[in-house]
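Here's the structure, in structure tokens; my notes come after.
The values are calculated or read from the model by the stated rules, or taken from the named source; none is laboratory data. Note that this is a predicted model, so its numbers are computed, not measured. In this analysis, Cβ positions are derived from the backbone assuming ideal geometry, glycine residues included, and neighbour counts consider all displayed protein chains. For accessibility, only protein heavy atoms count, side chains too; no ligands or nucleic acids. Shrake-Rupley method; radii C 1.70, N 1.55, O 1.52, S 1.80 Å.
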Amino acid sequence: MNNKNSLQQFGCLTALALGLAPGAYAQDSHWNGTVANNNWNVAANWNPTGIPSSTVDANIFLDAANGDSIFTIPAGDVESPGSGTYDTIFGPEWGTTLNIYGKLNFKWFLFPVQNNPAPGARSYLNLRDHAVVSTSGAAVGIGDSWFFQTAPYVTMNLYSNAVYNSFGGAGLWLGGHLNIYDQSVFLANGYINMDKTGNQTDGTRSINVGGGKFEAPEGFTGNINGYISRGILRIYGKGQDSTDAVITDDGTNTIVTGTPLGGALQQIYFAPLLQTNVAAGTFQQLVLDGDYPAVTGVLLSSSEPGLDPATIGHPAYTSSNPNVATVDANGVLTAVGAGSTTISATLGSLHTSTNVVLTVGSTTSLVHEYKFSEAAGSTDLVDSVPGNSPAWDGTLVGGGTLDGQKLTLDGSSGYVQLPAGIVSGLDEVTIELWGSFGSPINTWANVFAFGLTDGSGNGANYIDLQPHTGGGTCGANFGQGDPGNGAEWDAVVGSTLDGLTNAHVVVVYHPNAGYLAIYTNGVLAAQNSMFNTLMDPVAYAGPTYNNGSILKYTLGTDDVNYIGHSLYNADPTLNGSIDEFRIYNGPLTAAQIAADHALGPNQFIGTSTNVALHASRSGGNLVLTWPTSSAMVTLVSSPKLGSGAVWTAVPNALAVSGGNYQVTLPATATTAFFRLQ
């Protein structure tokens, strides 16, 4: 059943780990360190008290539940936890960091874990200076291994002269990021598992050889060339670049290095922007490249650049017009409004700039609409969007009824089958509906479910909305990969939709702005992060995503699409009614959602762009109104006009009165200017 969220999935880590091998463990050691002292070699930092020992059969858990989020093995310190053959280190977990300056020996697996794909929320395993990490058993598991297929968002960095050795037969599982910098060495003598069947696939994987060596088993040249063509193995951060890859075989290992840079950085320049026609709030990594005497196109800008950030310095970025786009210290450009701006970068004595013209605004349009206005007895539900063919009509199945105004589902056998491909090819999607729900709603029922199944009654790649989960919540889900909902990203409301009548519910899947969200009755109810392919220019433009979002890639042909039915056969159908159901080809803004809620079902935001904004005073309030025929539903304000104006959305509640939108604000003595955007 589709009945777990990603964090709950790991509530039994200890039991799962114990199941890897026979025999009982004397104890498991959990991190308990503080900000004041995050060193591994301090006995008080562990629960039970005592440094994990090589004489005790135990697993290690590194997370911040009971302590600091940074763990450190200092220089000169040698740690060899666990005496058992299958003793495993689970961590760093859930966005924490393990910094190793000394030496770590482990028996079986080292499993970093994180299920949040946001760049800043990854778990980090850093080997620094002369650090050495080695195993006598299996390997480090970075990403979608056979064991942790739900939490691959992990980065492993090797700096300076650090060394990783894996002498076991398992080698390396990789679904996260591995960066090899400076003179460091990553050695995997066992087999390297990099097949495409894992739940996060090539687009989220990378091995960056930005210095040092990547050493694989002997005779691995063909695999290495395959990794390069798939965009996984990158030289100096560049994708599909075999020119600068030096592949040799010393009779023991296949060794990958990069062509020596040949001297100092000579020039820097921006690559073309990945997307220029974007919705407001979309963010993307600027691609700042640099040329060295022997190697051109080295990736300089990124949260994980092609070279060690400490060796290339930190570029400084500016945007000449922050009303069009802003740029943060890491070179992440965020779209604000339509227009042009000059983006500049300075790195040491080198400087470059480029003119960026963005088309920003509501590029979203309605692509499918079902009003359920058919007469009783009908089973054909018409897609009412003008120009749509009958091929997009839905079919009423089982125990459902129509009364000319709404669809009612019995919670036993009734649901709507929508055509395959209804959300195919869309980078971003909004689902909007008005409905009334049972009290209680059938647990794990779905209001909608679009995507693919595994042929055995389980969803595999999908988007859905569960109004009443087994945890007493309401969740909008994006499920990627293996069936069994292990790789879901969920926006979770802390209560159910039980008993709500005439409720307005909107779910926005907006990966290019890094989130999915649920709105109820015009107000944001829950939001969660979502992987943004524009943050990884190699993956975005490479063979996996091919200039598309992770949503477009994952949903594919979306063969199976329902209203009121789950992609998991074990889940019940929905008990409730729906007045109108809409599908948009992009993200609705918060202002548009508020306007739709104010208007109600079967009414649409206007199209007029020739609209006046009126202001009046009512007691101690300022009342701003404009006709509902307006296409410009975002009210924004600025403390001044001219080149220094900064326009921000007015968050106050939007109402409809007498054919006008209306916003009421407390009157103050502070100067403010208002306009519709």
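Those strands (runs of 3 or more DSSP E) of segment 58-133 in which at least 1 residues are within 26 Å of the chain's Cα centre (by Cα), considering only elements entirely within it, cover 70-73, 89-93, 97-100, 109-113, 123-127. Is it true that some residue in segment 563-578 is closer than 23 Å to Ser384 by Cα and among the acidic types (Asp, Glu)? Among the residues of segment 563-578, not one is closer than 23 Å to Ser384 by Cα and among the acidic types (Asp, Glu), which makes the answer no.
Residues in segment 195-242 that are at pLDDT 95 or above, among the polar types (S, T, N, Q) and open to solvent by 10 Å² or more (accessible area, probe 1.4 Å): there are none. Within segment 250-272, no residue satisfies the criterion of being loosely packed, with under 14 Cβ neighbours inside 10 Å, in a strand (DSSP E or B) and either among the charged types (D, E, K, R) or touching a helix residue (DSSP H, G or I) at 6+ places or on another chain (Cβ under 8 Å) (or both).
Filtering segment 489-508 to residues that are under 17 Å from Phe581 (Cα atoms) and at pLDDT below 95 leaves nothing. Is it the case that segment 598-615 has a residue that's assigned to a strand (DSSP E or B) and open to solvent by 60 Å² or more (accessible area, probe 1.4 Å)? Yes. The condition of being touching a strand residue (DSSP E or B) at 6+ places or on another chain (Cβ under 8 Å) and within 22 Å of Pro117 (Cβ to Cβ) holds for only one of His510, His614, His597, that being His510.
Residue-wise test of (1) surrounded by fewer than 24 Cβ atoms within 10 Å (Cβ to Cβ); (2) touching a Leu at 6+ places or on another chain (Cβ under 6 Å); (3) aliphatic (A, V, I, L, M).
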position	(1), (2), (3)
Leu98	no, yes, yes
Tyr101	yes, no, no
Phe109	no, no, no
Pro112	no, yes, no
Ala118	yes, no, yes
Val133	no, yes, yes
Ile142	no, yes, yes
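Annotation: of all residues in segment 326-341 being part of a strand (DSSP E or B) and open to solvent by less than 50 Å² (accessible area, probe 1.4 Å), the one that is farthest from Pro537 (Cα to Cα) is Gly339. Among the strands (runs of 3 or more DSSP E) confined to segment 489-556, the ones with at least 1 residues that are open to solvent by 10 Å² or more (accessible area, probe 1.4 Å) are located at 515-520, 523-529. Filter segment 435-474 for residues that are polar (S, T, N, Q), in a strand (DSSP E or B) and within 13 Å of Tyr562 (Cβ to Cβ); which is most open to solvent (accessible area, probe 1.4 Å)? Within segment 435-474, the match that is most open to solvent (accessible area, probe 1.4 Å) is Thr453. Any residue in segment 307-320 that is at pLDDT 95 or above and within 30 Å of Phe581 (Cβ to Cβ)? No, because not a single residue in segment 307-320 is at pLDDT 95 or above and within 30 Å of Phe581 (Cβ to Cβ). In segment 643-677, of all residues being of a type in the set (A, V, I, L, M) and not in a strand (DSSP E or B), the one that is surrounded by the most Cβ atoms within 10 Å (Cβ to Cβ) corresponds to Val650. Would you point out the residue of segment 355-397, among those that are of a type in the set (Gly, Ala, Ser) and within 22 Å of Ile593 (Cβ to Cβ), that is most open to solvent (accessible area, probe 1.4 Å)? The selected residue is Ser362. When Ser320, Ser303 are checked against the criterion of being among the hydroxyl-bearing types (Ser, Thr, Tyr), open to solvent by 60 Å² or more (accessible area, probe 1.4 Å) and in contact with a Pro (Cβ under 9 Å, 6 or more places away or on another chain), Ser303 stands alone in meeting it. Taken as a whole, the condition of being in a strand (DSSP E or B) and either touching a helix residue (DSSP H, G or I) at 6+ places or on another chain (Cβ under 8 Å) or modelled with pLDDT of 90 or more (or both) does not apply to Val356.
When residues in segment 388-408 are screened for being closer than 13 Å to Tyr370 by Cβ, aliphatic (A, V, I, L, M) and in contact (Cβ under 8 Å) with a residue 24 or more places away in the chain, 2 of them pass. Of all residues in segment 580-607, those that are of a type outside the set (Lys, Arg) have Cβ atoms under 6 Å from Cβ atoms of residues that are assigned to a helix (DSSP H, G or I), 6 or more apart or on another chain, in Ile605/Ala595. Pairs are defined by a Cβ separation below 9 Å, a sequence spacing of at least 6 or placement on different chains, a first member in segment 179-208 that is within 23 Å of Ser303 (Cβ to Cβ) and part of a loop (DSSP other than H, G, I, E, B), and a second member that is at pLDDT 70 or above and basic (Lys, Arg); the pairs so defined are Met194/Arg205; Met194/Arg230; Gly198/Arg205; Arg205/Arg230. Only one of the numbered conditions (1) small (Gly, Ala, Ser); (2) open to solvent by 10 Å² or more (accessible area, probe 1.4 Å); (3) within 27 Å of Thr496 (Cβ to Cβ) is not met by Gly619, and that is (3).
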